[in-house]
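Below is one structure, written out as C-alpha cells, with a few remarks after it.
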Amino acid sequence: MSIIMINNGEKGYTKYERMESSPHIYKTSAMEHLKIDPDHIETLNTIAYCHYYLSDFYLALDFALRAYNLELTQLANDELYHTCNLLGNIYRFLGIYDTANHYYMVALNVAPSNQVQEKRCQTLRHLAIAYTEMNMNEFAMDYAIEGLQLAELLNDARLLADIKVALATIHYKAAFYEKSLKLCDDAVFHYEKLNHIKGLTNVFLLCGDIHQKTEKYASSMDYYNRALNLSKDIKYRYGTIHANYALGCLMMIQKDFPMALESLEEALSYTKRYNIQQPKIKIYYALSDLYIKQYDYEKAYNLYKIATELNDNLNSTKQQSTIFNLYTKYNLDQKEAQLKQSLLTNAHLEALNKQLLEQVQHDSLTQLYNRRGLKNIIVNYPCTDIHTLALCDIDKFKDINDTFGHQCGDYILIELAKVLKSNCPSNYKIARWGGEEFLIIMENTVISDATDFAESLRNIVEDTIFTYRNHKISLTLTFGVGTLTDSFEQSIEAVDRCLYLGKNSGRNQVVFDDDLFDLV
C-alpha cells in the first residue's frame with residue numbers, strides 16, 4: 001500500500017497519528033487502494049483513523065470494526081492493537097466508557113511483542129484519561145502511575161510527557177493545583193525538546209485552566225494565547241476550538257464582553273466548519289451566559305435552547321451507539337462468536353430488546369425518565385382529561401460544580417431526583433429534562449392544584465440539607481407551570497418561558513403567567 005507521508009516536524013508519532021495533520025489526503029489514497037483490495041487491514045485502519053480525525057465517528061467505527069473482525073480471523077495483533085485503541089478513543093469521545101475501556105483492555109493484551117512496553121504505556125494513558133473523564137480518579141491514578149513507571153523504565157521522553165499530562169489532569173480535577181502545575185512544567189520540558197507542538201498546545205491549555213482556577217488571570221490568558229497560536233500554526237482544530245472557548249470564558253470573567261464574543265464565535269465557526277458536535281454544546285451555553293450578562297435575554301434564551309437540543313441529540317446518539325455495540329462486542333474470538341449464536345434465541349432477543357428500551361427511555365444518572373421516555377408516556381394520555389406540566393431548574397447549579405466539583409454535582413442530581421420522586425403521587429411522572437432541569441407531568445390535575453403542588457415541592461427542597469463529604473449544601477428550585485395542551489412542544493415552550501422569567505426575576509419561585517401562554 002502506498003500512502004503519501006507528510007513530515008510535520010514532530011517526533012514520537014505512530015504511523016496513524018501522523019495522519020492527523022492531513023486526513024483528507026491519506027483517506028483519498030486509502031480509498032483508491034480499497035477498491036483493489038477491500039480486505040486490506042492496514043487500509044481499513046487508515047480510513048478509520050482519517051474519519052476519526054475528521055470527526056466522522058460512525059464512519060470511523062464502521063471501518064475500524066471491519067478491520068477488527070479481519071484481525072481476529074488473521075491473528076494480526078500489531079494492527080489489532082491500533083484498532084482497539086482507536087475503538088476505545090471513539091467510544092470514549094461518545095461517552096460510552098464501559099465499551100471504550102473494554103477495547104483498551106484488549107489492546108493491553110495484544111500489544112506487539114517488539115514494542116510491548118511502549119504500547120502498553122500508551123494504552124495505560126488512554127485508560128487513565130477515560131477514568132478521569134468518568135470522575136473515577138482513584139482508578140485513573142492507578143493506571144497513570146503504572147504508565148509513568150513504564151515510561152521511566154523505557155526512558156521515553158514522549159511517553160513521560162504524555163503520562164505526566166494525564167497525571168496533571170487528575171490532580172487538577174482533584175484541586176491539587178500546585179502538583180498539577182509541577183507535572184505540566186515537566187511535560188513542557190519534554191515536549192519542547194521533542195518539538196512536539198500538539199503536546200505543548202494541550203499542556204498550555206491545562207496550565208491556563210489551572211491559573212484561571214487560582215484567579216491568576218494574566219497568566220491564564222498568556223497560556224491560552226500560546227495554545228491558540230500553536231494550534232493555528234499546525235492546523236490543530238481541537239486546540240483552536242478549545243483555546244478560543246477558554247479565552248472567551250476568561251474574558252467573560254474579566255467583563256471584556258466584545259472580546260469574549262469574538263473568541264467564542266471563532267470557536268463556534270470551527271465546530272461548524274468541521275462538524276464537531278461536542279464542543280459546540282458548551283460554546284452555545286457560554287454564549288448564552290454572555291448574553292445574560294449583557295441583559296439580552298432573548299438571544300440568551302435562543303442560544304440556551306440550541307445547546308440543550310444539541311445535548312439531547314448527542315445523548316440519543318450515545319444510546320444508539322450502545323445498542324449498536326451490543327451486536328459487535330461479541331467478536332473477540334471464535335468461542336465468543338459461538339456463544340453469541342447460542343444466546344441470541346428469540347426469547348433472549350425479546351428480553352434484550354425490553355432491557356434496551358428501558359435504557360433508552362431512562363436517564364442513566366438519576367434513573368428517572370429522560371425526554372424520550374416521558375414523551376412516550378404522554379402519547380397515551382387521554383386528550384379529554386386535564387394534565388399539567390411543571391418544569392423546574394436548580395438555582396445556581398454551576399456554583400455547586402465550580403465549588404465542590406462535578407462529582408458533587410452528580411450526587412446532588414441523584415439525591416434531588418430521590419426527593420422529587422418520593423414526594424410525587426404515583427400518577428405523576430418525572431423526567432430529567434436536561435442538565436439540572438426536571439419535568440413533572442401531573443395527570444388529571446388542574447393548574448391551581450399544580451401550582452400549589454409545585455410550591456410545596458419548592459419548600460421541601462429548600463428545607464432539605466444535602467450532605468456531600470461533610471459539606472452541607474442547600475438548594476432552591478425555580479418552577480414554570482402550565483397546562484398540557486394538544487401540542488406538547490408548545491406546552492413545553494410555554495413552561496420554559498415561565499421558568500426563564502422566574503430565573504431572571506429572583507429565582508426560588510413558582511411562575512405561571514397567562515400572558516406567556518398566549519404567546520405560543
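Each value in this text was obtained by applying a stated rule to the coordinates, not by laboratory testing. Just so it is clear, the model here is predicted, and its values are computed rather than measured. Glycine gets a Cβ as well: all are built from the backbone with ideal geometry, and neighbour counts include every protein chain shown.
On alpha carbon coordinates alone, what is the Rg over Rh value for region 387-508, Rh being the Kirkwood radius? Intermediate results must be reported in sequence, preceding the final value.
On the way: Rg = 14.3 Å, Rh = 14.7 Å.
Answer for region 387-508: 0.97.
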Tell me, what is the percent relative contact order of region 196-313, built from C-alpha pairs under 8 Å that lie six or more residues apart?
17
For q = 0.11, 0.15, 0.17, 0.24 Å⁻¹, Debye-computed log10 I/I(0) when each Cα of region 66-177 counts as one equal scatterer
-0.34, -0.62, -0.78, -1.29
Measure off 7 Å from each Cα along the Cα-to-Cβ vector at Ile276 and Val116, then give the distance between these two points in nanometres to one decimal.
3.7
Residue span Asn302 to His40: 0.36 nm per residue of separation minus Cα-Cα distance leaves a gain in nm of 89.5 nm
How big is region 16-110 in terms of Cα radius of gyration and Dmax, in angstroms?
12.4, 36
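For Ile386 and Thr485 in one chain, what is 0.36 nm times their gap in residues minus the Cα-Cα distance, to one decimal in nm?
Values: separation 99, 0.36 × 99 = 35.64 nm, distance 0.86 nm.
Gain on extension, Ile386 to Thr485, equals 34.8 nm.
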Taking placed amide H atoms and a strict 5 Å upper bound, the residues 5 or more places from His362 or on another chain that come that close are Asn370
Length gain on complete extension for the stretch Tyr217 to Asn508, per 0.36 nm per residue less the alpha carbon to alpha carbon distance?
101.5 nm
Wrap a convex hull around the Cα atoms of region 111-190, take a quarter of its surface area, and give that in square nanometres.
4.7
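Quick one: net charge of Phe479's neighbours, Cβ under 10 Å, K/R +1, D/E -1? It would help to have the intermediate numbers written out before the result.
Details: positive: Arg458; negative: Asp393, Glu455.
Surrounding charge for Phe479 is -1.
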Taking the alpha-carbon set of region 196-313, what are its Rg and Dmax in Å?
14.0, 44
Each label sits 7 Å from Cα toward the beta-carbon; between Lys193 and Leu75 the label points are separated, in nm, by 4.0
